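J.: There's a structure below that I have some questions on.
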Amino acid sequence: MSKAGKGKEITHPEGELVTSAERAKRQWKLDAISTGTGVFLALFMWGHMFFVSSILTGERGFNWISDLFEHYWLAQPTLVIVTIVFFVHFVTASRKIPAKLAERKRVKKLGDDIAGSEWNFSKEDRKELEKVRPHKETSLWIWQVRSGMIILALGSVHLFVVIADVAQRTFNIGEGVGINATETMERVQGGMWILYAILLYAVEVHAGIGLYRVTVKWGLGAKIPILGSRITRSMAQKMERIVLWFFLIIGFITLLVMAGVIDPPLEFLLPAESGAK
Amino acid sequence: MSELITTDVLVIGAGLAGERAAISAAAEGNDVVILSLVPPRRSHSCAAQGGMQAALGNCNKGAGDSEELHWLDTVKGSDWGCDQEVARIFADTAPVAMREMAHHGVPWTRVKGGPADYFIKGKKVTLEEPRENEGLIMHRDFGGVSRWRTCYTADGTGHTVLYAMDNMVIELGISVHDRMEAIALIHDGEKCHGAVVRCLRTGELKNYVAKATVIATGGFGRVYKYSTNAIINQGTGQSIALDTGLVPLGNMEAVQFHPTGIVPTDILVTEGCRGDGGLLLDVDEYRFMPDYEPDKQELASRDVVSRRMTEHIQKGKGVPSPDGEHLWLDLRHLGEDHLRTKLREVYDICMYFLGVNPIKELVPVRPTQHYSMGGIRVNKDGHAYGLKGLWSVGESACWDMHGMNRLGGNSLAETVVAGMFCGQRMGQWAKAQTHEVDKALADKALNAQHERISSLISGGIGEANENVDELLIAAQEILQDKVGIFRKGEELEQAVVELREIYRRSGNLKMRSAFKGANPELAAAIRLPGMLKLALCVAKGALLRTESRGGHSREDYPERNDRDWLKRTLARWPIGADEPDISYEPVGLLESPPGQRGYGGAENIAMEQSVEDYNATVESEWIKQGWHPTATPLGTELKEMVEYASTKKS
Amino acid sequence: MARQLTLRIFRYDPLDPESKPCFVDYEMEETPRLNLFVALHRIRENQAPDLQFDFVCRAGVCGSCGMMINGRPTLACRTLTAELPELITLAPMPAFKLIGDLSVDTGTWFRGMSERVESWIHTQKEFDPTAEEERMDDETAEKIYELDRCIECGCCVAGCATANIREDFLGATALNRIGRFMIDPRDERSSEDWFELVSTDEGVFGCMGLMGCDDVCPKELPLLDVFAYMRRRMSQVAAGKAKPDAGTSLPVIS
Ligand SMILES: Cc1cc2nc3c(=O)[nH]c(=O)nc-3n(C[C@H](O)[C@H](O)[C@H](O)COP(=O)(O)OP(=O)(O)OC[C@H]3O[C@@H](n4cnc5c(N)ncnc54)[C@H](O)[C@@H]3O)c2cc1C
Ligand code: HEM
Ligand code: HEM
Ligand code: SF4
Ligand code: F3S
Ligand code: FES
């Protein structure tokens, strides 16, 4: 720091000599990357959701979109980028996960203790004093790590499947039809629904908590002019709740359609004759 | 045998006074070690809310303020019981001290130019704050002053100043040994060589040997049952000085009661509440202070307001409650904004400790023991009477700028000014001394303490059947009931007799717990006899002073008596005695002859002697009492000293 | 009917080789407006004279009495038993060195922290006793005070899982302290100076946004706002766009 500390040489854990400013920059970068990739993935998942939920308009709609994506070379680069980002995020974000089981237990216990501590308070007291604010963010972080692990496992499988699909079409291997509704529904009905149900839930929870945390950590609201004020923590929490439920519901309806449990509810949106192709 | 730590200057106490003195001493080139019972920032200075006085005159109502006016208010406030020269050193240095603290990071509430709303004497007024002073330190009103001059940071003044001060200490790398209690001084009858210290983590004893030892241990409010003081304010610093048998304590009977301690927990809500426009109401929610004090109303000096409140309660106008009778403090009209920003601590205290919301409800208050004007008697440099190399600053000292009553905001200012000024004198003195480490002497002092503690541990001392807590509580009750706001001859006599008995019984303490490390019961047992001695000094001083002056108010002698009592009480405790020896000295050179305060409304008995005659005897009387000549003569050079006293890094 | 309280208190004396960490139950009858300061002193007076705990101001301003009360770190002196169920569990704050029973060594920790963040005004200016004080607008002063209000109770450290498992993590109170000096115009340290200390895994980028600190801080300091401000300012530095006068641009403090 200040005069004495500036440019001080220190040994990095990996063994090279770096100045403390360089080290700080490196650590800033890693954190920025994990946040950036997390936000990117979360936004991607929203887009992905609209894409997959095209099944709600029936098979034709779904196929039309997937066809479009693959035909115009949109799907292929996205796949590559997303796959890379997926693993980069995993690598940078999991730096923060405590290595020792005892430490993870400690985090969980502390979070639960603070959240669960019993106090007798009237609602009014609470409002006047904010004395014992409810706390769940520490426990939520544990869920973020857990859901992250689930995503890593199931998401990899899923990515592999879709990559295989797209690759088949792109390089004309086998039937080479790429992503299409029939295959998707077969897959899902053939048992993949379990995987998707879990993955869906995990992703939405993980992205929801993650975005809430990013908002609070960076205080994004401070600069939003339309609001006139900033997004407070409780506003961010409410938004997280709404977004989470929105995507969960759409996601599960989509899954139900793919699993053939219900008919596509939005089929009427597409003109009937286009199916005659 | 035991560990011995040597340093140039040993400061006992890490409150504002101790830390500021340490900084001055270090600036003079001394090695300094500070001891404290608790981490420095937990010292009681952090609890001061209201502010500190300095004649900067930045705001509308402070216009025309000067050091001269501050000095005069202080002298009046003291009821002419203070040392007027010291009050002058103080008033002249205070502005520099505030600015220095601003330089080192205190945020201070600042002047905002333009119209601003205030509550003055119960009415809302709009004043134009001078735009040319925009951004300078703001002031608020306090009791007993002729101008607004209290510098403040919202209501966390002590906190912000102490934090800035401790930051300076850390910057200078001065070591602070916390959880260390000085339990005896090492001295050879002439000179003080440091202290025997007990570690509150492990219970071990250590010797700290130093050229100069400074006692800055704060007040001793905890000898009273109801006190606003922190629970560590037990007066150990004063009692180890008293234990030497050589050093006298000055004006111990001068105890201040603050008008607004909350009921029942006795936590203080600042005078700033009334300064900012808060009102006192009685059982009928009637505002009674203007009836007693038409001019100053709620903002007369503390001794006066506390007495008026007590009088009013005695007239049957108190509010009955399970915790005794009290009055109301009304802050509702100040509004939510003000209470949640400028008086935020007050708001929190009411909400958390009383469950009372001051925005909507009245706050129960009563006068509560608050401040000890008395303490280790020192000369103008802060050098203790009777023992060379022993110094004292802050509330633990009787430097004596407060006389028989201190003005609100003057004591926090005193800690910094005295730390700065006396600290420098002390630093220079220490620098000129050579180190003589007399190990045998130190070991002897340590062994004596060791023996005292071992005998406590091994089943107690004497007949060993007394309980520490019981004795302390008994003594606290006696002081509370019999040496309170209004005092009477018979009651004081009883108090002395009863306290003497308790002091005797404290020789037979029996411990109840097993003895490991830092046993808290043992710590209390070590402190108890000292606290009882202080209680006796208070009671006996009060019994003998047959007049009413400032905070000392005798029902049987209601008038201030300048003929017989323009004196300072000195209490010494001869080794082995069972009560203090009381003697007197003149209060100091009189520049302002005793007059009317303009509030409080008591009769005076005038001086018979002329001021010149009085002044002529002052110095010789002091020397008789064991006063060390000051390093440089005072008086005309004051201004100059103010400047050099303010150097930090030299 | 007055409730019968059970205080389940952690007891352990690290200096005594025979002592084993354990919880001991103390019973007492609840009295009106009883707070834990009074309750603990009663236990010391009547049941366990050697029970160690720390109180100084007993008014919620000195920060001495932080402890885990039913699992939550907070100030004992201003906690009324009426707010708690009949079983009250008291434990020392984790993340600090235990002195004994409920007493932990926050003093050493905080001194170390202050040294680490160089918690003082860094300036080339010498103090001039003859000059008037440097001006500062009241709003800036208020903002600094808002962050200067930390009482070093340590609750935010005890309540932060990151600080609990990573000794080198500065902790919320230290980050807040840094924020306090960052927004102080008297402090001449530049954004770049701060960068090395703050922009690390020990600093603000080690904070995982667990928000425990903000929820338990008894002084309700706007900790999360301060961290957000620091993250943004440090990112400006990393992007090479630090504004030299970023001084007081701390956004809204609630
Ligand atoms: C609630 C309250 C509010 C106040 N508000 C104001 C105000 O607004 N304005 C104002 O001017 N004044 C105010 N005062 C008075 C003022 O705060 C004190 O007089 C002043 O802070 C005393 O400072 P100090 O440095 O002398 O002692 P303290 O701050 O009390 O410090 C004493 C130090 O000595 C240490 N110590 C004690 N004994 C020993 C020992 N035996 N060995 C080692 N260390 C020891 C302690 O650990 C501590 O560090 C207030 C007082 C109270 C009680
Ligand atoms: C598509 C899948 C994923 C999405 C949408 C996603 C999204 C996010 C977001 C938005 C954050 C917040 C970043 C921050 O607080 O700085 C985050 C953090 C995190 N993610 Fe993911 N993530 C995904 C996959 C994963 C995977 C596979 C893992 C692997 C275990 C993982 C582990 C984590 C962890 C541990 C954090 C916390 C990091 C921190 O607090 O700094 N995530 N994620
Ligand atoms: C560009 C990359 C991706 C493509 C092209 C893609 C494509 C698809 C397709 C076609 C489906 C329908 C099911 C199927 O055919 O098997 C689907 C469903 C799903 N995908 Fe992806 N996916 C991609 C990346 C991801 C990632 C990174 C995740 C999260 C880790 C993910 C999570 C899911 C989930 C949870 C479902 C089920 C959705 C639901 O039922 O609502 N996908 N995806
Ligand atoms: S930030 Fe809050 S919780 Fe942390 S030490 Fe300061 S006051 Fe205590
Ligand atoms: S709890 Fe800890 S992880 Fe960050 S937000 Fe607070 S410092
Ligand atoms: S004792 Fe001071 S904060 Fe609790």
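J.: Based on the mean of other beta carbon atoms within 10 Å per residue, what is the order of B:93-101, B:196-204, most packed first?
T.: B:93-101, B:196-204
J.: Same structure, new question: Relative to the compact-globule scaling 2.2 N^0.38 Å, provide the ratio for the alpha-carbon radius of gyration of chain C.
T.: 1.16
J.: In whole Hz and in residue order, list the ³J(HN,Hα) couplings for the stretch B:296-309 that follow from phi through the Karplus curve 6.51 cos²θ - 1.76 cosθ + 1.60, θ = phi - 60°; x for Gly and Pro.
T.: 7, 6, 5, 10, 6, 5, 4, 4, 5, 4, 4, 5, 4, 5
J.: Expressed as a rounded percentage, what relative contact order does the stretch B:56-207 have, with Cα pairs under 8 Å and six or more residues apart?
T.: Computed value for the stretch B:56-207: 20 percent relative contact order.
J.: In straight Cα distance, which aspartates and glutamates are under 16 Å from C:LYS20, not counting same-chain residues fewer than 8 positions off?
T.: Hits, sequence-local ones excluded: C:ASP50, C:ASP101.
J.: Turning to a different aspect of this structure: Any idea how far the Cα center of the stretch C:126-198 sits from the one of the stretch B:366-407, in Å?
T.: 35
J.: Related question: Once Lys and Arg get +1 and Asp and Glu get -1 on their Cβ, which of B:VAL496, C:ALA39, A:LEU195 lies farthest toward the positive end of the dipole of the protein assembly as shown?
T.: A:LEU195
J.: Per the Kirkwood treatment, what hydrodynamic radius in Å, one decimal, follows for the stretch C:4-104 from the mean inverse distance over all distinct Cα pairs?
T.: 13.6
J.: Run the helix sum for chain B: -39,500 (n - 2.57) per DSSP H stretch of 4+ residues, divided by residue count, reported at 222 nm to the nearest 500 deg cm²/dmol.
T.: -10500 deg cm²/dmol
J.: What do you get when you divide the Cα radius of gyration of the stretch A:28-86 by 2.2 N^0.38 Å, with N the number of residues?
T.: It is 1.36.
J.: Considering every residue in C:13-21, what mean count of other chain Cβ atoms within 10 Å of its Cβ is obtained?
T.: The shielding value for this peptide is 2.
J.: Report the label-to-label distance for A:PHE44 and B:GLU285 in nanometres (one decimal), using points 7 Å from each Cα along the Cα→Cβ vector.
T.: 6.7
J.: Mind giving me the FRET efficiency for B:GLU477 and C:ARG8? R0 is 30 Å, r the Cβ-Cβ distance, nearest 0.05 is fine.
T.: Computed FRET efficiency for B:GLU477 and C:ARG8 comes out at 0.35.
J.: How big is the convex hull of the Cα atoms of the protein assembly as shown, per residue, in Å³?
T.: 199
J.: For the pairs A:LYS25/C:LYS241; B:LYS380/B:LYS567; A:LYS217/C:LYS219; B:LYS123/B:LYS315; A:LYS96/A:LYS217, note any where the Cα-Cα span goes beyond 22 Å.
T.: Beyond 22 Å between Cα atoms: B:LYS123/B:LYS315.
J.: Also: What's the extension gain from A:LYS105 to A:VAL161 if we count 0.36 nm per residue and subtract their Cα-Cα distance?
T.: That works out to 16.7 nm of additional length.
J.: Using only the C-alpha atoms of the stretch A:133-213, find the volume of their convex hull and express it per residue in Å³.
T.: Dividing the Cα hull volume of the stretch A:133-213 by its residues yields 105 Å³.
J.: Provide B:PHE257, A:PHE69 in ascending order of the number of other Cβ atoms located within 10 Å of each residue's Cβ, fewest first.
T.: A:PHE69, B:PHE257
J.: For chain C, calculate the relative contact order in percent as a whole number, restricting contacts to Cα pairs under 8 Å that are 6 or more residues apart.
T.: 17
J.: Can you work out ³J(HN,Hα) from phi for every residue in the stretch B:433-449, in order, using Karplus 6.51 cos²θ - 1.76 cosθ + 1.60 and θ = phi - 60°, giving whole Hz and x for Gly and Pro?
T.: Along the stretch B:433-449, the couplings run 8, 9, 6, 10, 9, 9, 5, 4, 5, 5, 4, 4, 4, 5, 4, 4, 5 Hz.
J.: Say a paramagnetic label sat at a point 7 Å from the Cα of C:GLU188, along Cα to Cβ; which residues of the stretch C:126-148 have their backbone N under 12 Å from it?
T.: Taking a point 7 Å out along Cα→Cβ of C:GLU188, the residues of the stretch C:126-148 whose backbone N falls under 12 Å are C:126-127.
J.: Under the rule of at least 5 residues apart or a separate chain, name every residue whose amide H is placed under 5 Å from the amide H of B:CYS398.
T.: Amide H neighbours of B:CYS398: B:GLY250, B:GLY375, B:ILE376, B:ARG377, B:VAL378.
J.: PRE reach from B:THR341 (point 7 Å along Cα→Cβ): which of the stretch B:142-165 fall under 15 Å by backbone N?
T.: Taking a point 7 Å out along Cα→Cβ of B:THR341, the residues of the stretch B:142-165 whose backbone N falls under 15 Å are B:153-156.
J.: Over all directions, average the projected area of the Cα convex hull of chain B and note it in nm².
T.: 26.5
J.: Would you grab the residues whose amide H sits under 5 Å from the one on C:ARG8? Only those 5+ places off in sequence or on another chain, please, with H modelled 1.01 Å from N.
T.: C:TYR26, C:ILE88, C:THR89, C:LEU90
J.: Determine the gain in length on full extension of the stretch A:HIS71-A:ASP112; use 0.36 nm per residue of separation and subtract their C-alpha separation, reporting nm with one decimal.
T.: Answer, rounded to one decimal: 9.7 nm.
J.: Kindly rank C:216-222, B:76-82, B:278-284 from highest to lowest mean number of other beta carbons found within 10 Å of each residue.
T.: B:76-82, C:216-222, B:278-284
J.: In whole angstrom, how far apart do the alpha carbon centroids of the stretch C:4-66 and the stretch B:37-76 sit?
T.: So the separation of the two Cα centres works out to 37 Å.
J.: For the protein assembly as shown, what is the percent of antiparallel DSSP beta bridges, rounded to the nearest 5?
T.: 70
J.: Quickly work out the B:ALA63-to-C:ARG116 label distance, labels modelled 7 Å from Cα along the C-beta direction, and quote it in nm with one decimal.
T.: 5.2
J.: Given an 8 Å cut-off on Cα distances and at least 6 residues of separation, report the relative contact order of chain B as a percent.
T.: That works out to 20 percent.
J.: Relative to the longest principal Cα axis of chain B, at what angle does helix B:468-482 sit, 0 to 90 degrees, rounded to 10?
T.: 40
J.: Over the stretch C:117-238, with a single point scatterer placed on each C-alpha, what log10 of the ratio I(q)/I(0) does the Debye formula yield at q = 0.17, 0.20, 0.21 1/Å?
T.: Each listed q corresponds, in turn, to -0.86, -1.13, -1.22.
J.: Still on this structure: Considering every residue in B:45-53, what mean count of other chain Cβ atoms within 10 Å of its Cβ is obtained?
T.: The shielding value for this peptide is 2.
J.: At a Förster distance of 35 Å, what's the computed FRET efficiency of A:VAL88 paired with B:GLU3, Cβ-Cβ distance as r, to 0.05?
T.: Efficiency, from the Cβ-Cβ distance: 0.05.
J.: Amide H to amide H, which residues 5 or more places from B:LYS191 or on other chains are under 5 Å from it, using H placed in the peptide plane?
T.: B:LYS388
J.: Another question, then. Evaluate peptide A:205-217: per residue, the Cβ atoms of other protein chains within 10 Å of its Cβ; return the mean as an integer.
T.: 2
J.: While we're on this one: Once the mean 1/r over all distinct Cα pairs of the stretch B:481-562 is inverted, what Kirkwood radius in angstroms do you read off?
T.: The answer is 14.4 Å.
J.: Determine ³J(HN,Hα), in whole Hz, for all residues of the stretch C:46-54 in sequence, where each value follows from phi through the Karplus function 6.51 cos²θ - 1.76 cosθ + 1.60 and θ = phi - 60°; x replaces Gly and Pro.
T.: Here the 3J(HN,Hα) series is 9, 10, 9, x, 9, 5, 9, 7, 10 Hz.
J.: With a point put 7 Å past each Cα toward its Cβ, work out how far B:ASP323 is from B:CYS199 in nm, to one decimal.
T.: 3.9
A short reminder: the numbers here are calculations on the coordinates, not readings from a lab. Remember, predicted model here, so these are calculated numbers, not experimental data. Virtual Cβ from ideal backbone geometry, glycine too; neighbours counted across all protein chains shown.
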